[in-house]
Amino acid sequence: MSKLFAYSGREDFFPGGSIYPNPKNSSLFLSLPHHVDVYFPPRKRSRMSSSFESGGEGVVSKENVSIEILPDECLFEIFRRLSGDKERRACAGVSKRWLMLMSNISCHDLISEDEMATKEIEDIEIESDGYLSRSLEGKKATDLTLAAISVGTASRGGLGKLVIRGNYLVGKVTDLGLRAISHRCQSLRVLSLWNLSSIGDEGLCEIAKVSHQLEKLDLCRCPAISDKAVVKIAMSCPKLTDISIESCAKIGNASLRAIGQFCPKLKSIMIKDCPLVGDEGIVSLLSLNTCVMNKVKLQALNVSDVSLAVIGHYGKAVTDAVLTDLKNVSEKGFWVMGNGQGLQNLKSLTISSCNGVTDMGIESIGKGSPNLKHLSLRKCSFLSDKGMVSFAKAVRSLECLQLEECHRISQLGFFGILLNYRKSLKALSLINCLGIKDMNSELPISASSGSLRSLTIRNCYGFGNRNLALLGKLCPQLQNVDFGGLVGIDECGFLAWLQNCQSSLVKMDVSGCVNLTDKVVSSIIERYGWTLEMLNLDGCSKITDASLTSIANNCPLLSDLDVSKCSITDSGIASLARAKQLSLQVFSVAGCSSVSDKCLADLIKLGETLVGLNIQHCNAISGSTVDLLVEKLWRCDILS
């Protein structure tokens, strides 16, 4: 071997012998004149890098000869006989050609003494539930990088997880790169391919041939991958438990049929924006795999009521379902899904942008899902108070409810939900529900809801003082509160709500409540300052330094404070810096025009505990001050 790598010329070129194969042909070369000195070292081969000149006539040179003249087949045989991984990595670093040749040698092709050692290492990696992971993004995602990873990880059990986030417009990863991975990484368990227009069926089929340990497959925006590759993966990888397919135009019903037939351990499936997927594929998937699949997510698909009926009938193991943007599903589909009696184990349901969700449909789902714990409804235009109250009566175990952009839900539906969930509901969220208005009359309240701990009412512009006062009576045990963007609430509403609160507030977000005043903040701090950990006053323009002084003296547990776009000055920050018991970790004063360079020393003092500081759009803070803060608070993430 060593002789082969050192070879650079012919053995018959040495002093004392003729340099011509046939002495009769010596006249073809010019004789060397006496003034030209040529030194031949004893028994040394010479590399001739310059020509010999004589009499101004022809130039004679001897062509360099090296191992590079060997064809790929010979180099392949040489590389597969190298003694160990160190030598193989060294050869892979010689040139691109050698790297690609080395990456195409599978573990089964190696003839080496350490073959058994490699297998032992691979077994250890699998038994310890740990595996090597590599993630490539943007320009780093190339075939050469994949080839290098393949060679470099072979001796350590091979690659276990590969994530590639490519550039959709410029495809630098092709089937050649995946083929290199398949040759040396038979233990691959997780494969995620995003934005790879140049990868087709061939590369994925190569993975399928050897990666029988594959457990998770994630394909997103891979337009060249078709049913052929996915079917091959499903047939060859029976251990698959998690599959996600998004925006792959050539993947359709045949793939889902194969997944349902050949992947008995599948637990989670996500199909999004695949135009070739229809009812046939969903029916095959769910009817063939009914034992262990517990998570189903369908989004932007051309499916009809039939698919939802199949979910309702065969989804006996389903605990988590997400249905988004299913334009062709009507009220009948949701009604049949609820009446299918197959959702007895359903714990979480998310429905978004489905016009088929009506009062009758949601009531049916409630009756068919008695163990539901989490419900999220978004952009359900035809859902009203009647449907939600009926659902609340049917499902008594619900713990978390989220409603977003459901504009037919009014204050009557909101309080009806609270009255029906006095013992189980722990978290309630209303976001951008424009049908919520302020109460015109009092509601009879026989008992309060003692279970609710977290309440979010954000950007419901009609929510007013009467609603908030009633909310305080109905939900006295709140710990986490988000009233962001409630512009209809003023000082009177907040004070009335505080009078009825009995528990200790931990997190409070009142960002965008433009009518909030220092008096309200002082009342909050006076009652809950010793338990408060997060306070967001972003956009509350009436808040001044007086609130910061109250916070500094009464909030020992506060770690996150946001006073962006408030009317605070350097004096307020100085009050916080002087507080001995305050240990802020995140502090934001973004957009506070009165905060200037004078607060530099106080910010540095606060920075002893800070991990995040936001001083964006503070125009009175100069660039030099920002530079000093960055230098002094090197542990803190500063936004400026």
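The values are calculated or read from the model by the stated rules, or taken from the named source; none is laboratory data. It should be emphasised that the depicted structure is a prediction, and the values quoted were computed from it without experimental measurement. Every residue, glycine among them, receives a Cβ derived from its backbone with ideal geometry; neighbour counts consider all protein chains shown. The area values use the complete protein model at the heavy-atom level, side chains included, leaving out ligands, DNA and RNA. Shrake-Rupley method; radii C 1.70, N 1.55, O 1.52, S 1.80 Å.
Would you check if there is a residue in segment 556-576 being charged (D, E, K, R), open to solvent by 50 Å² or more (accessible area, probe 1.4 Å), over 24 Å from Asn515 (Cβ atoms) and without any contact (Cβ under 8 Å) to a residue 60 or more places away in the chain? Checking segment 556-576: not a single residue is charged (D, E, K, R), open to solvent by 50 Å² or more (accessible area, probe 1.4 Å), over 24 Å from Asn515 (Cβ atoms) and without any contact (Cβ under 8 Å) to a residue 60 or more places away in the chain. What about Ser503, is it touching a Leu at 6+ places or on another chain (Cβ under 9 Å), hydroxyl-bearing (Ser, Thr, Tyr) and modelled with pLDDT of 95 or more? Judged against the criteria, Ser503 is not a match.
Taking into account only those residues within segment 582-634 that are in a helix (DSSP H, G or I) and of a type in the set (S, T, N, Q), which is farthest from Lys542 (Cα to Cα)?
Here the residue is Ser624.
Do we find that Val336 is surrounded by fewer than 23 Cβ atoms within 10 Å (Cβ to Cβ), touching a strand residue (DSSP E or B) at 6+ places or on another chain (Cβ under 6 Å) and either more than 17 Å from Met270 (Cα to Cα) or free of Cβ contacts under 8 Å to residues at least 60 places away in the same chain (or both) in this structure? No; evaluated as a whole, the condition is false for this residue. What about Lys519, is it free of Cβ contacts under 8 Å to residues at least 60 places away in the same chain, part of a loop (DSSP other than H, G, I, E, B) and open to solvent by 40 Å² or more (accessible area, probe 1.4 Å)? It is false that Lys519 is free of Cβ contacts under 8 Å to residues at least 60 places away in the same chain, part of a loop (DSSP other than H, G, I, E, B) and open to solvent by 40 Å² or more (accessible area, probe 1.4 Å). When segment 376-401 is filtered for residues that are surrounded by fewer than 23 Cβ atoms within 10 Å (Cβ to Cβ) and closer than 24 Å to Leu301 by Cα, the ones remaining, listed by number, are Ser376, Arg378, Lys379, Ser381, Phe382.
Taking segment 533-559 as the range and being of a type outside the set (S, T, N, Q) and farther than 23 Å from Val487 by Cα as the test, the residues that pass are Glu533, Ile551, Ala552, Cys555, Pro556, Leu557, Leu558. Residue by residue through segment 602-622, note down the ones that are out of contact with any helix residue (DSSP H, G or I) (no Cβ under 8 Å at 6 or more places or on another chain) and open to solvent by 50 Å² or more (accessible area, probe 1.4 Å). The answer is Glu608, Thr609, Val611, Gln616, His617, Asn619. Just to be sure before I move on: is Gly260 of a type in the set (Gly, Ala, Ser), modelled with pLDDT under 95 and open to solvent by less than 10 Å² (accessible area, probe 1.4 Å) in the structure I sent? In short, yes. For segment 469-485, the count of residues that are touching a residue at least 40 places away in the same chain (Cβ under 8 Å), buried (at least 20 other Cβ atoms within 10 Å of the Cβ), in the same structural domain as Ser583 (by the TED database) and not in a loop (DSSP other than H, G, I, E, B) is zero.
Would you mind telling me which numbered condition in (1) part of a helix (DSSP H, G or I); (2) within 22 Å of Arg458 (Cβ to Cβ) Ile573 fails? So the condition that Ile573 fails would be (2).
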